[in-house]
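Student: Take this structure first; my questions come after.
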Amino acid sequence: MKKLIIIAGPSGVGKTTISRYLTQKYNIPRVITHTTRPLRSGEQDGVDYYFESADSFRQLHFFEHVKYGSYQYGSSRESLQKSFEKSDIVSLIVETAGVHTYLQELPAQAVFVYLTVSEPAELAQRLEERGDTKSQIEKRLHSPEFKRDLALDDDLLQRAHIIKNDSLDAAKAAIDQLIESLTNV
């Protein structure tokens, strides 16, 4: 059976890093999501995201989409299908608000990984290290979306594999255990 590893957590927690680890170690492709935000330095269209105009974004068939700050983010059915053509296990980075949709629509396939840290103050430093400006960081840390992603509701808590990403090596070890459990079913 095909499996979709859904990765969620607050900004700066390491969602992209863990997704890249899954690709590098296990050849698990990431479902490329769509956004209307501009490219960051070093990002590539079709690799990091599909960077869309507001018009092209509206024409896609989404499982879920959210507004984060002033930009739209969403995961399309087309992109998930492309990824499943490459592998039986794929990963997807979404906001916690989008996790509910996948758990409802793909209950047997969805495996939810929630990344967190012991000290939320650590997230601001990580955002700075990835190149966000001070004003971008302040805006993000005070956004309702960021605050929402710092905690899970009861429904999500029941389905979540919670991984503390205080140490990348420890987080990778927890991911390794999860992948082993998925492939030994």
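Student: May I ask you to sort 43, 64 by Cβ crowding, counting other Cβ atoms within 10 Å and putting the fewest first?
Tutor: The fewest-first ordering by Cβ neighbours comes to 43, 64.
Student: Multiply the residue separation of residue 56 and residue 17 by 0.36 nm, subtract the distance between their alpha-carbon atoms, and state the gained length in nm to one decimal.
Tutor: Full extension from residue 56 to residue 17 adds 11.3 nm.
Student: How many percent of DSSP beta bridges within the range 3-183 run antiparallel, rounded to 5?
Tutor: The antiparallel fraction comes to roughly 30 percent.
Student: Considering only the other residues whose Cβ falls under 13 Å of the Cβ of residue 104, what net charge follows from Lys and Arg at +1 and Asp and Glu at -1?
Tutor: In short, -2.
Student: Write out the trypsin sites (Lys or Arg not before Pro) in the range 103-143 meeting two conditions: DSSP loop, and at most 15 other Cβ atoms within 10 Å of their Cβ.
Tutor: Listed in order of number, the matching sites are 130.
Student: Taking amide hydrogens as modeled 1.01 Å from N in the peptide plane, which residues meet the under 5 Å criterion relative to residue 49, leaving out close sequence neighbours?
Tutor: Residues meeting the amide H criterion: 44.
Student: How far is it, in nm, from the label point at residue 40 to the one at residue 86 when both lie 7 Å from their Cα along the line to the Cβ?
Tutor: About 2.0 nm, to one decimal.
Student: With only alpha-carbon atoms in the gyration tensor, what are the semi-axes of the equivalent ellipsoid for the range 46-185, in Å, largest first?
Tutor: Values for the range 46-185, descending: 24, 23, 15 Å.
Student: So which of 2/139; 2/172; 25/139; 25/147; 2/134 end up more than 30 Å apart by C-alpha?
Tutor: With Cα atoms farther than 30 Å apart: 2/139; 25/139; 25/147; 2/134.
Student: Follow-up. Suppose a student asked you for the relative contact order of the chain, using Cα pairs under 8 Å spaced at least 6 residues apart; what percent would you report?
Tutor: Relative contact order, the chain: 31 percent.
Student: How much FRET efficiency would the formula 1/(1 + (r/R0)^6) give for residue 2 and residue 139, where r is the Cβ-Cβ distance and R0 is 45 Å, rounded to 0.05?
Tutor: 0.75
Student: Treat the count of other C-beta atoms within 10 Å as a stand-in for reagent exposure and order 37, 58, 30 from fewest to most.
Tutor: Ranked by crowding around the Cβ, least crowded first: 58, 37, 30.
Student: Using a Gaussian network model of the chain with C-alpha springs under 10 Å, which one of 35, 133, 101 is most mobile by mean-square fluctuation?
Tutor: For the chain, modelled as a Gaussian network with Cα springs under 10 Å, the answer is 133.
Student: Could you rank the peptides 44-55, 80-91, 107-118 by their average count of other C-beta atoms within 10 Å per residue, with the highest value first?
Tutor: Per-residue mean Cβ counts within 10 Å order the peptides as 107-118, 80-91, 44-55.
Student: Counting each DSSP H run of 4 or more residues in the chain as -39500 (n - 2.57), what helix-only mean residue ellipticity at 222 nm follows after dividing by all residues, to the nearest 500 deg cm²/dmol?
Tutor: -12500 deg cm²/dmol
Student: Related question: Taking θ as phi - 60°, what are the ³J(HN,Hα) couplings along the range 104-120 by the Karplus curve (6.51, -1.76, 1.60), each to the nearest whole Hz, with x for Gly and Pro?
Tutor: Karplus values, whole Hz, x for Gly and Pro: 7, 7, 10, x, 7, 9, 7, 10, 9, 10, 9, 8, 8, 9, 5, 10, x.
Student: Mind checking which of 42, 74, 12 has the largest fluctuation in a GNM of the chain, springs on alpha carbons under 10 Å?
Tutor: 42
Read-outs: derived from the displayed coordinates by stated rules, not from any lab. From a predicted model like this one, the values you see are computed outputs, not experimental measurements. Neighbour counts are summed over all protein chains in view; Cβ atoms, including those assigned to glycine, are modelled from backbone coordinates with ideal geometry.
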